[in-house]
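All remarks here apply to the structure that follows.
Read-outs: derived from the displayed coordinates by stated rules, not from any lab. In this text the structure is predicted, and so the values were computed from the model without any measurement. All Cβ positions, glycine included, derive from the backbone under ideal geometry; neighbour counts span all protein chains shown.
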Amino acid sequence: ATTFYRRIDWDWMLNGVQTLSMGWLPDQGFLKHRWDIYSELLTMYLLAIGSPTHSITSANWNDLQRPVVQFGGLDYISGVAPLFIHQYAHAWCDFRNVADLHANYFTNSIAATRAHQLWCLTESRRFPWFDQNLWGISASDSRDGYRVWGGPPAMGPLDGTLVPCAAAGSLVFLPAECTHVLLSMREQFNDKAYTRYGFVDALQPKANWFAPDILGIDQGITMLMAENLRTGFVWEQFMKNREIGHAMSEVQFHPDPDSASQLL
């Protein structure tokens, strides 16, 4: 992993702009889409800034767009995307109890998860099985293939499908509420929802549909966040990488005494 990491030319991936390109293809060159709006990109940018071989600067971090979403009395930074954007970076990097010049991102993900929960409850007008026991939508399989859906605001062709990793990926943000959802899914749907490999990727109770596949990326965020909640092991090991500590210092992360994660 270290050898691969040191080979990545982050500065080249900027392609003369302030934000990283989402990719490069031999026959097309750089993709037009960029990692420029708040999303799961946090840890990637820290890796880029901390690179000992091809680093970018803290200015690139500060140039990221951080739009604010308001829902249910909550204000939080978010792109228009499913809940997973508030989870993936946090699986590795420990953002608890610290803030940069813009936000406490752990507290931000708590607010995003709470807003998502509230939004799901408002969707119970359309899907009566949504309640305090069953909520959570993120990008997943569906009866009609892969869907990028969620909210707020509502996005995608919502049909009442529930996605276990939406709650599981936020276990560290709302432990009691997310654990309750996962236990409710397992108790209510038994082995239709919970297999020897964990939760199915998605389920639609009214249609009695349960995804036939177990997706590694969704099982991954489930396992990583469960372990971080249980022992903090993944955070502890990842934060031993000096490149991350250096990058967080470069972008001026500092202790946040008012953090909502003090109890974790």
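Some notes on this structure:
- Summary of packing: across the peptides 67-79, 16-28, 87-99, 33-45, the per-residue average of other C-beta atoms within 10 Å ranks them, highest first, as 87-99, 33-45, 67-79, 16-28.
- Qualifying trypsin sites (Lys or Arg not before Pro) in the stretch 166-255, where qualification requires a DSSP coil assignment and no more than 14 other C-beta atoms within 10 Å, comprise 196, 206, 240.
- Extended-chain gain in nm, criterion 0.36 nm per residue less alpha-carbon gap, residue 230 and residue 28: 68.2 nm
- The simple Förster model, with R0 at 30 Å and r as the Cβ-Cβ distance, assigns residue 143 and residue 217 a FRET efficiency of 0.95.
- Calculated P(r) over Cα pairs in 10 Å bins from 0, in percent (choose from [x] 8, 31, 36, 20, 5, 0; [y] 7, 27, 38, 23, 5, 0; [z] 7, 29, 34, 23, 8, 0), label: [z]
- Prolate/oblate/rounded label for the stretch 68-195 (Cα gyration tensor, a/c 1.5): prolate
- GluC sites (Glu not before Pro) restricted to DSSP loop in the stretch 213-245 with at most 16 other C-beta within 10 Å: none
- In the chain, the calculated helix contribution to ellipticity at 222 nm averages -10500 deg cm²/dmol per residue, counting -39,500 (n - 2.57) for every DSSP H run with n ≥ 4.
- Long-range HN-HN contacts of residue 37 with modeled amide H, under 5 Å: 65
- Relative to the longest principal axis of the Cα atoms of the chain, helix 175-189 runs at roughly 40 degrees.
- FRET efficiency for the pair residue 122 and residue 8, taken as 1/(1 + (r/R0)^6) with r the Cβ-Cβ distance and R0 = 51 Å, rounds to 0.75.
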